[in-house]
Amino acid sequence: MNEPSTAHGEAYEPILQGLWEYVRAGQEEILLSPYLPASCAFFIHVLLSTPFLALDALGSVSQRVRSWRIAAGSGPRPSLREWVDCFWRVLYRYLTAVLPTTAVFQTLRSPTLPELAPSCWQLFVEVVACFLLFDTLFFMWHFSLHRVPWLYRNVHQLHHQHHTPFALAAQDSSSAELLSLLLLALSSAWVLGCHPLSEAFFHLINSWLAVEDHCGYNLPWSLHRLLPCLGGAPHHQAHHRFHSGNYAPYFTHWDHLFGTYRSSGLS
């Protein structure tokens, strides 16, 4: 008996198919809600930031945790009050700008839910392609935000209030910047025609990398230690310290190619 195939003619994966059927079962109305992307982006960001709040607390009693902090050019660890204030600022901007605007985008996009899951290979290729496209678009937009004075003052300057970034502050930006970055992520998956499951994995990993980039820790298990093509938290903290260079969010190839790479001074 022939196995069902995906739209790309590849045999489906039983594990992914089971996962996809579990996700779809009775949940199509929620999965197709225009409010889902922004809602998930906010709650996943807060959830992924929480372990770093715990690390900040542990740092007061653990020398090992303090040794992971990126100290160059930084001040003291953010206080609990700073975390709480940051939470309310991000929530307000999501509710007043990001949620309604992305809902309109999703309505115009009219996503559908295919019956079959992608193959493992299709999922891998689509997620990697999304990251490469998003990284490219982010680099161009971020470079423009720093090189065009009006854009910097009115869109990006608010994010640079944090000379020493912390995990939750990855989304402590103006409404316009928050919205632009979420639309870049959604558009990357849309342009590439990704399967919804691939898109979900992309957004989840994207949220984690954004949090890790801003966490202020050079952790032994960070992804940039496993994949040299990634800059990680040291790379992005150098950007906040110098207010220039290291414009790409994750990979370093565009900064090397355009001469905007700045060394973090950390191995």
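Bear in mind that the values in this text are calculations on the coordinates, not laboratory data. The shown structure was predicted, so the numbers you read here are calculated from the model rather than taken from an experiment. Quick reminder, even Gly has a Cβ in these numbers, built from the backbone with ideal geometry, and neighbours come from all protein chains shown.
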Can you pull a Stokes-Einstein diffusion coefficient for the stretch 57-162 at 37 °C (0.692 mPa s), Rh from Kirkwood over Cα pairs, as a whole number of µm²/s?
-> 176
A student asked for the Cα radius of gyration and Dmax of the stretch 18-105 in angstrom ought to give 18.2, 51
Excluding Arg66 itself, calculate the net charge of residues whose Cβ lies under 14 Å from the Cβ of Arg66, where each Lys or Arg counts +1 and each Asp or Glu counts -1.
-> +2
List the relative contact order of the stretch 77-232 as a percent without decimals, with contacts defined as Cα pairs under 8 Å and 6+ residues apart.
-> 31
Relative contact order (%) - the stretch 23-110, alpha-carbon pairs under 8 angstrom, separation at least six | 53
Once the chain is represented by equal point scatterers at the alpha-carbon sites, with solvent omitted, what log10 I(q)/I(0) does the Debye formula produce at q = 0.12 Å⁻¹?
-> -0.77
The long-range amide H neighbours of Tyr217, using H built 1.01 Å from N in the peptide plane and a cut-off of under 5 Å, are Ile70
Residue-ordered couplings for the stretch 151-163, obtained by feeding phi - 60° into the Karplus form 6.51 cos²θ - 1.76 cosθ + 1.60 and rounding to whole Hz (Gly and Pro as x), are 5, 4, 5, 9, 10, 9, 4, 4, 5, 8, 5, 9, 5
Please state, rounded to one decimal and in Å, the Kirkwood hydrodynamic radius that the stretch 117-267 gives when every pair of distinct Cα atoms enters the mean of 1/r.
-> 15.8
Lys and Arg at +1, Asp and Glu at -1: neighbours of Leu204 with Cβ under 14 Å from its Cβ sum to -3
Assuming R0 = 35 Å, can you tell me the calculated FRET efficiency for the pair Glu29 and Arg147, based on Cβ-Cβ distance, to the nearest 0.05?
-> 0.20
State, as an integer percentage, the relative contact order of the chain based on alpha-carbon contacts under 8 Å between residues 6 or more apart.
-> 23
Computed, not fitted: 222 nm per-residue ellipticity of the chain from DSSP H runs ≥ 4 (each -39500 (n - 2.57)), nearest 500, equal to -18000 deg cm²/dmol
Kirkwood estimate for the stretch 111-198, i.e. one over the average of 1/r between Cα atoms, Å | 14.8
Where in the chain are the DSSP H helices whose C-alpha atoms run 18 Å or more along the long axis and whose mean Kyte hydropathy is at least 0.5?
-> 36-58, 120-147, 175-191
Net charge near Ala41: determine it from the other residues with C-beta under 13 Å of the C-beta of Ala41, scoring Lys and Arg +1 and Asp and Glu -1.
-> 0
Gain on full stretching of the segment that runs from Asn154 to Arg66 - 0.36 nm per residue minus C-alpha separation | 28.2 nm
Could you give the size of the charge dipole of the chain about its Cα centre, using +1 on the Cβ of each K and R and -1 on the Cβ of each D and E, expressed in debye and rounded to the nearest 20?
-> 1260
Spin-label model distance (nm) - Thr101 vs Phe124, 7 Å beyond Cα toward Cβ | 3.7
For the stretch 39-115 and the stretch 150-215, compute the distance between their C-alpha centroids and round to whole Å.
-> 10
Lys/Arg +1, Asp/Glu -1 at C-beta; the stretch 92-229 dipole; positive extreme among His224, Ile205, Ser144 = Ser144
